[in-house]
Amino acid sequence: MSFELTKSYLEDLSHAIERQDVQSVKLLTEAIHPADIAEILDRLGEYEANFVYGVLPEEVAAETLTHLDEDVLERVLEDLSAEQIADYVDILETDDAADVIAELPDDQQAEVISQLEDKSHSSDISDLLGYEEDSAGGLMAKEFIAVNINWPVNRCVIHMRKQAQDIDKVYSIYVIDDNSELKGTLSLKSMLFASPNSPISEIYMDGVISVEADASNEEVAKIMEKYDLVVLPVVDDKNRLIGRITIDDVIDVIKEEAEKDYQMASGLSDKVESHDSVWSMSKARLPWLLIGMVGGVLGAEVIAKYESQIQLKPELAYFIPLVAAMGGNVGVQSSAIVVQGLANNSIVFRGILGRIGKETLVALFNGLICASVIFGYNFIVGNEQSLAWTVSLALFSVIIFAAIAGTFIPLVLDKYKIDPALATGPFITTVNDVLGLFIYFLIGTIMYGI
């Protein structure tokens, strides 16, 4: 049964903390999953969160660290000594331990690692800290079960029992040679039906999918998604097995990438959280607000250029918001489809020209429908035919050009190694607003002969 964090629960917990009633706090947090405890700590103030964390059993406290948001984790770690952190880190698997230690200042990282009792564990953590955070090496854990291809089954079973003591969940058994080169995997079923003296070379499965340690997080996520993997072995440049990545870590990567793309599409240049400082939030938003403002100035310049036409035919001004809005909406729709295609590599296979061609056909169809609707509206309300034709032709043209721009811009950004998610936000909207106004007044000038 899942835990539900309610207002009454938080009130009871806060009252117990206020009385410094350790026993009541223990009862209130007893048998709660570490992920739920992390959520509780996130809702509490700094003193309250540190008080609750201080009464947790050691194993629960250690596991809770891996579920905390970065800001809460930082606050909790600040209240702990290097020795206490080392005790918790000793319990965790290497990937989680490295993530926790990475949040500490460099000097404290070295101090915590030196306090670890298990020197093999500390060596593995130090190794993981040397990899880039957004790489396969930064994601992987050093704990895995591997058996030698030349061993008999009975020896493998003994060796696996020893290795399994340090692993919470066993997903795969890897087969390596004398040089630790990854050869394949071994299923438990094949071991159960094999004789004790059968060599592993006769029963293992080759062709295992792996990834090198310097591969990006995104590449890891794509591989695991494509092949429906729950665990992925990590190898070095000589195909030697050095770690494994589990699906829970990849889910975190996918979530972070989705949040980053969503914020970028919303016009945020840096990752921000609701608890960030005013300066941090302003710094992330301001660049795209300035770009939007520049776009607005350019749009005003376009209108100013055709001021005389508006004075002669003021009804042209009525549909300025419509044309600008439709251009922005169509551009965002097209760019969103392209960004999605770039993310899953489907555009690479189907062809860029094919994608632009298809979006253009869609734009032609949508533009024809929208232009017909707005023409019918102008006819019904009694606007003159010149205005009806101007607005309809302008809307038709804007939709086509916006679709092409929305398709082309993210492709160009991707070619130059710029995140194409930028194209689904204020950038494409601003471009299409200005382009739409220019097309509208140009067609108006032709239609009215002014």
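Annotation for Tyr227 and Val294: the two label points, set 7 Å from Cα along the Cα-Cβ direction, are 4.4 nm apart. Each helix, a run of at least 4 DSSP H residues, gives -39500 (n - 2.57); summed and divided by the residues of the chain, these come to -21000 deg cm²/dmol at 222 nm.
Note down the Stokes-Einstein diffusion coefficient of the stretch 278-448 in µm²/s, whole number, using a Kirkwood radius over alpha carbon pairs, 4 °C, and 1.567 mPa s. Could you put the intermediate results ahead of the total?
Values: Rh = 17.0 Å.
Approximately 76 µm²/s, per Stokes-Einstein.
Structure shown: which of Lys222/Lys255; Lys162/Lys238; Lys255/Lys415; Lys119/Lys169 lie over 18 Å apart, alpha-carbon to alpha-carbon? Mind showing how you got there, number by number?
Numbers: Lys222/Lys255 13 Å; Lys162/Lys238 26 Å; Lys255/Lys415 24 Å; Lys119/Lys169 22 Å.
Lys162/Lys238; Lys255/Lys415; Lys119/Lys169, as the Cα separations exceed 18 Å there.
A straight Cα-to-Cα reach below 20 Å connects Lys226 with the aspartates and glutamates Asp134, Asp206, Glu212, Asp214, Glu218, Asp248, Asp249, Asp252, Glu256, Glu257, residues fewer than 8 places away in its own chain not being considered.
If you put +1 on each Lys and Arg Cβ and -1 on each Asp and Glu Cβ, how big is the dipole of the chain around its Cα centre, in Debye rounded to 20?
Working: 30 positive and 72 negative charges, 645 e Å.
Here the size comes out at about 3100 debye.
Of the trypsin sites (Lys or Arg not before Pro) found in the stretch 162-194, the ones in coil according to DSSP and having at most 13 other Cβ atoms within 10 Å of their Cβ are Lys169.
Report, please, the projected area of the stretch 1-115 averaged over directions, based on the convex hull of its C-alpha atoms, in nm².
Values: hull surface 27.8 nm².
Computed as one quarter of the Cα hull surface, the answer is 6.9 nm².
How much of the pair distance distribution for the chain lies past 36 Å, counting alpha-carbon pairs only, in percent? Before the final figure, lay out the partial values.
Working: 51022 of 101025 pairs.
Percentage above 36 Å: 51.
Among the trypsin sites (Lys or Arg not before Pro) in the stretch 1-68, those placed in a DSSP loop whose Cβ has at most 14 other Cβ atoms within 10 Å are Arg19.
Screening the chain for whole DSSP H helices of 30 Å or more along their axis (Cα) with average Kyte-Doolittle hydropathy at least -1.0 returns 278-305, 320-343, 352-381, 385-415, 426-448. Out of every Cα pair in the stretch 363-416, what percent are spaced more than 14 Å from each other? Considering the stretch 363-416, 57 percent of its Cα-Cα pairs are separated by more than 14 Å. Per the Debye calculation on the stretch 145-246 with a single equal scatterer at every Cα and no solvent contribution, log₁₀ I(q)/I(0) for q = 0.13, 0.16, 0.20, 0.24 Å⁻¹ amounts to -0.46, -0.69, -1.03, -1.34. Between Ser386 and Asp106, the contour length at 0.36 nm per residue exceeds the Cα-Cα span by 93.7 nm.
Put a dot 7 Å past the Cα of Glu11, heading toward its Cβ, do the same for Ser126, and the two dots end up 5.3 nm apart.
Since every read-out is calculated from the coordinates, none of them should be taken as a lab result. Everything quoted here is computed from the prediction, not taken from an experiment. Reconstructed Cβ throughout: ideal geometry from the backbone, glycine too, with neighbour counts over all protein chains shown.
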